[in-house]
Amino acid sequence: MGKGIHRILLGNAPFGYLAELLIRVVLVYTLLLVVVRFLGKRMSGQITNVELGVMIVLGGIVAVPLEIADRGMLPGLLLLVTVLALQRAVGAVQTRSPAAERAMLGHASTLVRDGVIQLAELEQAAISQQELFSLLRGAKVRQLGEVGRAYLEAFGCLSVWRRHEALPGLAVLPNEDDEYASRLVAASDRTACKYCGWVTSSPAQRCAHCSREHFDAAVTAAPSS
C-alpha cells in the first residue's frame, strides 16, 4: 500500500528528490528571469511570431530539468543561454537588415481602407468580420466610415488611423445590442454592404466591392446622447 502511494505521488523518485526539486525550481526560475530580462522588453509586451517561438522553446527547455529526476540541470541551463544568444543575434540581424526583418516578422496587413474592408487581406490574416469588428470596437470605432486605415501589425495588434471627418458607414456594433444600435443616426440617402462596408448613394442589388447582395442603412459618426 505504501509503495503504491509512493509511486502515485513521486513515481520512481525517492522522497529526497523533493528537496532537490525545490533547488532545481529556484535555479531554473532565477536563470529564466535573467534570460527573459536580456531578451528585451518585447517579450513582456505584444510579441511577434519570433518571440512566440522563443517562448515555446523556453517552456520546453525548463520542463526537462524540473520534471525528470535522472536528468541533470546543466544541459537545460546551457540551452537557455544558447536560446538567449540566438535571439540576441536574430535581433541584431533584424536591426541591420529591413529585408531580413520583413522575412522573419512578416508585414502589416491593411484590413480597412477608407471605410471598406479589404477582403483579401482579411482572408489572408485568417480573421473573420466579427473578429475585426471586435478589434475596432476596442479602438472606440462605432462605424467603418470613421476609419481611414486599419492595419493588423505583424505582432497581432490593430492600429487604426481615423479620418478627420467621418463618412457614413457600416456600424460595427454587436448584433445583440439593439438598444445602442437604435441610437445611431442613419444616413437616409446611403446604404452600406453588410459584409465589406462599401457605401453607395444609389439603390444597388449587388455590392461593387464584394458582390454580395445584403445591404443595411449606413450610419453617421455619433450616437445621440
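The values are calculated or read from the model by the stated rules, or taken from the named source; none is laboratory data. Nothing here was measured: the structure is a model prediction, and the numbers come from that model. Because the Cβ atoms are built from the backbone with ideal geometry, glycine has one as well, and the counts that use them run over all protein chains shown.
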Restrict the check to the range 99-108 and report whether at least one residue is surrounded by 12 or more Cβ atoms within 10 Å (Cβ to Cβ), at pLDDT 80 or above and either under 26 Å from W161 (Cα atoms) or among the acidic types (D, E) (or both).
yes
Among (1) surrounded by 15 or more Cβ atoms within 10 Å (Cβ to Cβ); (2) touching a Phe, Trp or Tyr at 6+ places or on another chain (Cβ under 9 Å); (3) closer than 18 Å to L111 by Cα - the single one W161 does not satisfy:
(1)
Restricting to the range 105-163, give me the number of residues that are in a helix (DSSP H, G or I) and either within 16 Å of the chain's Cα centre (by Cα) or more than 19 Å from W198 (Cα to Cα) (or both).
15
Quick check on the range 56-70. Is at least one of its residues farther than 30 Å from C193 by Cα, at pLDDT below 70, surrounded by fewer than 12 Cβ atoms within 10 Å (Cβ to Cβ) and not β-branched (V, I, T)?
yes
